[in-house]
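Nothing in this text is a laboratory measurement; each read-out follows from the coordinates by a stated rule. Every value quoted in this text rests on a predicted model; they were computed, and no experiment measured them. So basically every Cβ, Gly included, is an ideal-geometry build from the backbone, and we count neighbours across all protein chains shown.
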Amino acid sequence: MYQYSEFDDAFVRERVAQFRAQVERRIDGSLTEDEFKPLRLMNGLYLQLHAYMLRVAIPYGTLNSVQMRQLAMIAERWDKGYGHFTTRQNIQFNWPRLADTPDILDALADVEMHAIQTSGNTIRNVTADHFAGAAADEIADPRPVAELIRQWSTDHPEFQFLPRKFKIAVTGSPNDRAVTRAHDIGLRMIRNEAGEAGFEVIVGGGLGRTPMIGKVIREFLPRADLLPYLEAIVSVYNALGRRDNKYKARIKITVAENGLDEFRARVDTRFRHLRSHFRGADQAMLERIERAFAPPAFRSAPLGRYETVRETDPAFRSWTDANLAPHRAEGYAIVTVSLKAHGATPGDATSGQMRALADLAERFGHDELRISHEQNVILPHVHRSDLPEVHSILGEHGLATANVGLISDIIACPGMDYCALATARSIPIAQEIARRFDALKLEHGIGELKIKISGCINACGHHHVGHIGILGLDRAGVENYQVTLGGDGTETAAIGERAGPGFPAEEIVPAVERLVHAYLDLRSGRRETFLQTYRRLGIGPFKAALYPERVDANAA
Amino acid sequence: MSRHRHSPKVVTANSLLEGDTVWLTADDRWTRNISEAEFLEDEAVAEDRLLFAISQHDIVVGAYLADAASSGNGPVPVHVRETLRTKGPSNYFHGKQQREQPLALASHFERA
């Protein structure tokens, strides 16, 4: 893992000291809220419905056990004993007191973490494939590049007041687990015909009120050109992006309004100018960062009890079927630990669970943990012989739910239970869906099905790319839920199609149930997933299942 | 605009220090219990009380007028968002619903 240099440490500490003084001045009345708000947002501190909320960056979703234990300590000492992992690989604390936040930031700095640029119109936490450095299908580990981008973008003087927030995601694998096509910039690590490493650069993707799939602005960008090219894109956006209308300020609108060709031409011009300013310091830095991400010393060992336990323990077998992914090293597996126990709040972990995960990472996982945008925790490097013990320990902490990728592995934003922007609750809907399908015992029979729920049009719950997306809205003071179908956040990205009128809260779970039963009736076989069936048949039969009374009315 | 179209309001905000939900009382205090809030049936009075609330920026943040209805036990929220603000989140027994006991910062809020 990357370790802070003296410069990094001094920089983060200085920011905490500045923020401490700012908080003091706000509390003693020297700063008004209007003056203080941009300062607190620069440090990830929001004011939500019931309390302040501190959003802490987990760069490219990577943590070690010491950091995870510190998050557990923070949750216990200054919050209510839990944290919420978000769809952007951050963790949010929902209940800090204003006066405590500088101490929390100091505690984060002690373990090389911070909350800088987790808010505001800046380049936000750079996200990456949560299987980075472990996945069998990976071309290269995207995290060194993500770290380089983090260092370049942190406090970048030109990019502190962009027209709007700016999100970058990187993947090193052809199977896109980082939703790169729904980011302001998505980077896919590829090799050209000559075998040289580079990037496919995608620009102008995003969800929110105007969802768009990103477009390829550069098919092959040589590795050494990455930072000048990124700087060219962001600087063209900074100059061209609209500041007159918040809803038209994201780069996706800039690209759409100016046209990709015009935007690309401007970026190329700017890039030619900037290229000469990068004289190799960035590449030297990247080499240093890469050394920090050297793979752990994987061991070669027999599989031990793994196969035997799989044959004799159905719970273990089911968990290994759902929660493991292929690892690049022989004998190893990537373990996804579900934070979606049926009826639990998606993405929440208690301090006890965080410590248990830290202990497991230390004992069995080369001291590495990852947070996925799907709000689960990953143990990226576990030898299969250790899996029975890992599974058993997870079970003691309520962390052994075998549902990754299944209907109850739901993404949900905090919604109106916490968020000041939300128009409806998300969490109770997720809880109810999970409980319902658990009670029906249908989950494993249904197979891969991604439900994503947002509590407002800003789409933090990624509903547009859910196979079934649910968007909570406010209809005259009452919560109402719209359904979108056929969304996809992977390399075959697609924005879901709105199915029709929304449903009141008490009708949304039965509506989802009708959809799922329709799928089970319509699929060509057990191997055809919901999304495949949807793509084969289109929205028609699913609409009919959602709105049976309309079909009856039409037939009458 | 005629007065009778005005729906009744309460002035609400978040406390500066804890960030939790508070309401303005008729005697210029900030309370953590909406039932003690001043029930504002007159639009002009409501606007005036909001201006007073906004001037209290060393105590509260983000004051605004929220729709309310009267009940035997003082004002109650109308909108589901405001109902959540009076109780706390629905996934855990946290927030207002969690604590009936006096708050550590009560004295700060009781200063007029």
**Item:** Distance cut-off 51 Å, percentage of C-alpha pairs in the protein assembly as shown lying past it
**Value:** 11
**Message:** Within 10 Å of each candidate Cβ there may be at most 13 other Cβ atoms; applying that plus a DSSP loop requirement, which trypsin sites (Lys or Arg not before Pro) in segment A:486-556 survive?
**Reply:** A:ARG526, A:ARG527
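Run the helix sum for chain A: -39,500 (n - 2.57) per DSSP H stretch of 4+ residues, divided by residue count, reported at 222 nm to the nearest 500 deg cm²/dmol.
Values: 19 runs with 218 residues, N = 556.
Estimated from H runs of four or more residues: -12000 deg cm²/dmol.
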**Binned Cα-Cα distance frequencies in segment A:127-221 - 5 Å width, integer %** = 3, 14, 21, 24, 20, 12, 5, 1, 0
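Which whole number gives the average count of other chain Cβ atoms within 10 Å of the Cβ atoms across peptide A:46-54?
Taking the mean over all residues of the peptide, I get 6.
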**Item:** GluC sites (Glu not before Pro) restricted to DSSP loop in segment B:1-102 with at most 15 other C-beta within 10 Å
**Value:** B:GLU41, B:GLU100
**Fill in**
re segment A:6-110: pairs of Cα atoms spaced beyond 20 Å account for a percent value of 38
**Sorted peptide list for A:33-46, A:291-304, criterion being average Cβ within 10 angstrom, highest first** = A:33-46, A:291-304
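Would you order A:ARG26, A:ARG77 from fewest to most other beta-carbon atoms within 10 Å of each residue's own beta-carbon?
A:ARG77, A:ARG26
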**Prompt:** Under a point-charge model restricted to the Cβ atoms of Lys and Arg (+1) and Asp and Glu (-1), what is the dipole moment magnitude of segment A:6-110 relative to its Cα centre, in debye to the nearest 20?
**Reply:** 360
**Message:** Going by Cα centres, segment A:1-36 and segment A:63-97 are how many Å apart?
**Reply:** 19
**Item:** Scattering curve values for segment A:76-172, log₁₀ I(q)/I(0), Debye with Cα scatterers, q = 0.12, 0.18, 0.19 Å⁻¹
**Value:** -0.49, -0.99, -1.06
**Asked** Measuring from centroid to centroid over Cα atoms, what is the spacing of segment A:137-153 and segment A:317-384 in Å?
**Response** 22
**Asked** Within straight cross-link reach of A:LYS543, meaning Cα distance under 22 Å, which lysines are found once same-chain residues fewer than 8 apart are removed?
**Response** A:LYS450, A:LYS452
**Convex hull volume per residue in cubic angstrom - Cα atoms of segment A:307-441** = 108
**Request:** Report, for segment A:142-292, the % of DSSP beta bridges that are antiparallel, rounded to 5.
**Result:** 75
**Cα pair distances in segment A:411-555, grouped into 5 Å bins until the bin that holds the longest one, percent each** = 2, 10, 20, 23, 21, 14, 7, 2, 0
**Complete:** For segment A:437-481 the trypsin sites (Lys or Arg not before Pro) that pass both the DSSP coil test and the at-most-16 other-Cβ-within-10 Å test are A:LYS441
**Fill in**
Rg/Rh of segment A:269-337 (Cα atoms, Kirkwood Rh), to two decimals, equals 1.33
**Item:** Average other protein chain Cβ within 10 Å of Cβ, residues B:15-24
**Value:** 5
**Shielding by other protein chains, B:77-90, mean Cβ within 10 Å** = 5
**Asked** Does anything in segment A:170-192 have its amide N under 19 Å from the 7 Å Cα→Cβ label point of A:GLU257, and if so which residues?
**Response** A:184-185
